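For reference, the structure is listed below as structure tokens.
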Amino acid sequence: MKVDEHAPLNTPDQIDAVAQAIADSFSVAWETCSREVTITRRSKPWWTDECSVVLQAYREYGLPEDWKLYRKAVKNAKRVFFDSRITEISITNKRTWDLMSWVQQRKLPPCEAIQYQGQPCHALPQLWDALHNTYNSASDRTFDIDILDTIPDMPVWGWVPFSALEMREALASCSNVSAPWPDHIKWSHLKMLMRGPTHVFTVLLALANACLRVGHWPKHFKESMSVIIPKPNKPSYSAPKAFRPIVLLNTVGKLIEKMLSNHIQFDGVASDVFHPNQISGIRQRSTEDAGLILTHMVRAGWAKGLKTSIIAFDVAQFFPSLTHEVLMAILRKIGFSDNVVKFFAHYLVGCSTQYAWGDFISDLRQADVGVGQGSALSPVPGPLCSLPHPHYEAVRAGSTHSWVLPALISLKRAYGVIFELFKKFGLALEHDKSEVFHFNRSHSKDNPPVDLGYAPYTGTTPLKPKLYWRYMGFYFDRKLTFTEHVRYYSTKALSTVKAMKMLGSSTRGLRPVQKRVLYRACVLPIVTYGFRLWYFAAARCKGALHHLSTMQRSAALWITGAFRTSPTGGVEALAGLPSINLLLRRLSERADYRFATLTPTHPVRAFLSRFNCGTIAPHPSLSIQTMSEPEIFRTSGTPFESDTNVLALTETLLPMNPLSRPGISRGDADKELKQRTKHLDNLPDKISENIGTYYAGTDASLPLSGRYQAIAASILFSGGVERWRARHVAGKVTAPDAELYAIRSAIVNATSRDDCTDIIIFTDSMASARRAVDPSIHSGQGHSVAVCDALQTWFTRKDGQSITFVLHMQAALSRGASWNVLFQDPEYRGRNFLQLKTVDGAVAQPGGKDNPWVHFVNMSSPQLYARMCRCILNHAPIGSYYSRFNLNDGHTSCLCGCPWETRTHILTCKRTYRPPRT
């Protein structure tokens, strides 16, 4: 890259020149190194020369024997090719989940003609005009800026420049498989170019800081491509609004946008500028939080004798319709620095895009409205523009047999107010997409429609509620049983498991441990989505657990290769999968402690007790602290369970610690790679000669028994003389937390000494060493905050101190005690399960997630592992199995002459067992 890393970047022209030079360098590299490959529907990567030879022979003679040879050659070529690809992806690359792209559904493109303003679009210019006018329809809308007068002016925050650590973290979180901009530069290319403090890394970091310092966004980054994709499950695709534009941006520009978005997110949450009811687009707020809030409001309303109605509405083209003037006014009011305001003023104007419909691409067109979907900054304007919008919940009293009319009138009035508010912001509601849903736990079938007052739902055509309501991926029913939700996701997971069978069987393909990784990575996230809404103490979920257990049993049979008649518990143990009930219980207990990491103004805290509500105002009637004891007794749900369990957490966590603000963290002060290498080469001499160099060894000991506590130890040397040593009781914590305690003890003691100029920590836990200077939310955050405080004071004594990580080795040991107890039940594991023993003679247990039995046969073939599982479960093609299941055609005697062939006899028989060929 022919760009001087010391070139001045103080004017817009200089920034544009550097951005264009970067683009030109990437363009030259692409044209030099790339080669054109034409991929058609007839392209067959598995085709070999042998296939060509036998195909030519069949075409010449046309004999049936030649056709059989051709079919056999094709089959062998496919098998060799796909086996090698599976081996490469799962073993060489160690990314087994990348194989899932082979089993995903292929959606056919819509073939209807696009209708715009009543006219079909038969020519490409008409199609481009229809798409552009649809996705930029808000350019001429009026808005009322006076509505922002209700927002008080907040003090201005200071701006912290981007750091090298921020750029590394932003780049590391990017997916290598995301679609690139037309310059063909992917995230994987940037990661390779920016590995370490290279010239490219230095130039891009300087460019990012210059963009915010000057308030200028390069022209090259404002050009984009909007790829048109169909929205799923639409009844018709004849209208442009049935499609979604996904914006492909310049990769370097997206990297800068990601860092800026991280800054704005942190400052906005820390300063409490986002609306408390705004969920999407804000860190620490998820769709599950919205589902928990909604279900709690419904159940708490039932305890008070109230019924709940919901009206869900859709904002037409929300992101492309955001008004820039309104957004700029909000940024100034809520206290963003002049750098950010000036940057957005230039970032939002002068943009242009090309539309891509299949293989057809339009010309560049101006797009100066909104923020494109696909930009890292698109989630930020949404919550900011929602600040002045009030959020309604329509909770009204009603009779137990019929719905009262005043509640329906209140819904209509609230919908009208929402419509007028969005209209003042230049946004429009799509009334035909509005939905209404009534929650009612009574046996009454009363489900009245609602007159919204806007076409098409007015008068004789009111909006009729559905039996099930899909919201953010959750399937709600009127009684909150979530039967449809569990049925949908268990069926989806079961279909995924069945599709995985093409990747491996009991004879070839993926190894058992790779199958287990694939199931845990790609199936469990599907079935556990939203489980906190229906799985909690006192929840009636026996039917739901049965659906999930059936799905997991199918996965365990695929992993082990066992017979369908094998007992569920034994198969799950051999596959390394705890029962679905234990899995959900463990996930639920861990999720309870997440409440301690929430910000003080998180919307969920408004419904918790006074011990966990933080600084947010509690809900006036539906909060736990405002409900009476009889009402609490009649209500159940995840918030009640979590509110109690989180009190058992003894550790104090700081969600928005000032030391974890981007650009301020101690990990941002790394030296250049050459200086660090030179420093490490001279480390032995420096340790022995310099009296001001303190070096410490830290370690932790975690007992195998849960009766004892962990120990953290550290010892400090200087000039070859021991200066200090200590041992600390770390409590019942994990090994990384105990290692973190030992590192904290050594650093705090070393920084307290006046003659200390350098600190060197020798540790066998790289993860804990990095976590020691990361004050963000994690287990053991108090130790990290203490280390950062000590280092911040110590760094002020001398310029140029840095942090160097030297050694890396991490180990973890985990046991699933509940699983081991359940495994003792013969009804669960199977009465014929072969009792296994360890080297020391103890009975082998299925263990936890880190040491399942399937890991001990990691390198074995699927066929050998399937035979082992059938032997352990005693479900194998032997005489006793044939007799048990009344398979009269099978043999019951052993080839050695024994009249009864059993598992015990086969294991002790002197003859080599050979299973009968089917």
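Readers should treat all values here as calculations from the given coordinates under stated rules, not as data from a laboratory. Not measured: the values here are computed from a predicted model. Positions of Cβ are backbone-derived with ideal geometry, glycine not excepted, and every protein chain shown enters the neighbour counts.
The table below lists the values:
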{"item": "Length gained when the stretch ASP98-THR11 is fully extended (0.36 nm per residue, less Cα-Cα span)", "result": "26.9 nm"}
{"item": "Hits among aspartates and glutamates - C-alpha to C-alpha of LYS234 under 18 Å, sequence gap 8 or more where chains match", "result": "GLU112, ASP314, GLU430, ASP432, GLU435"}
{"item": "Rounded to the nearest 20 debye, dipole of the chain from Cβ charges on Lys, Arg, Asp, Glu", "result": "4220 debye"}
{"item": "Taking ARG585, ARG707 and counting other C-beta atoms within 10 Å, the order from fewest to most", "result": "ARG707, ARG585"}
{"item": "Potential lengthening between ALA499 and TRP159 on full extension [0.36 nm per residue; Cα-Cα distance subtracted]", "result": "117.4 nm"}
{"item": "Full-stretch length increase - TYR828, LEU63 - with 0.36 nm per residue and alpha-carbon distance subtracted", "result": "269.7 nm"}
{"item": "Rounded to whole Hz, the Karplus (6.51, -1.76, 1.60) HN-Hα couplings of region 527-541, x for glycine and proline", "result": "6, 8, 5, x, 5, 5, 6, 10, 10, 7, 4, 6, 7, 8, 10"}
{"item": "Kyte-Doolittle mean at least -0.5, axial Cα span of 27 Å or more - DSSP H helices of the chain", "result": "12-33, 251-270, 405-424"}
{"item": "Fraction in percent of alpha-carbon pairs per bin - 5 Å, region 511-618", "result": "2, 11, 18, 17, 15, 12, 9, 6, 5, 3, 1, 0"}
{"item": "Whole-Hz couplings from phi, Karplus 6.51/-1.76/1.60, listed for region 174-187; x for Gly and Pro", "result": "8, 7, 6, 9, 6, 6, x, 6, x, 7, 6, 7, 9, 5"}
{"item": "Listed residues HIS189, PHE563, ASN612: farthest to the positive end of the dipole of the chain (Cβ charges)", "result": "PHE563"}
{"item": "Likely footprinting exposure, THR96, THR751, fewest C-beta neighbours within 10 Å first", "result": "THR751, THR96"}
{"item": "Computed E for LYS445/ASN886 - FRET, C-beta separation, R0 45 angstrom, nearest 0.05", "result": "0.40"}
{"item": "CD proxy at 222 nm, helix term only [per DSSP H run n ≥ 4: -39500 (n - 2.57); per residue of the chain; nearest 500]", "result": "-12000 deg cm²/dmol"}
{"item": "Spatially proximal aspartates and glutamates relative to LYS258 (Cα-Cα < 16 Å; intrachain offsets below 8 disregarded)", "result": "GLU166, GLU169, ASP267"}
{"item": "Cα point-scatterer Debye curve for region 168-215, base-10 log of I(q)/I(0) at q = 0.24, 0.28 Å⁻¹", "result": "-0.98, -1.08"}
{"item": "Proximal aspartates and glutamates relative to LYS72, as straight alpha-carbon distance under 15 Å, when same-chain residues fewer than 8 apart are discounted", "result": "ASP49, GLU50"}
{"item": "Pairs of alpha carbons in the chain whose separation is greater than 54 Å (percent)", "result": "25 percent"}
{"item": "Calculated FRET efficiency for the pair LEU649/ILE145, C-beta based, R₀ 56 Å, to 0.05", "result": "0.75"}
{"item": "Order of HIS184, HIS783, HIS132 under a 10 Å beta carbon neighbour criterion, fewest first", "result": "HIS184, HIS132, HIS783"}
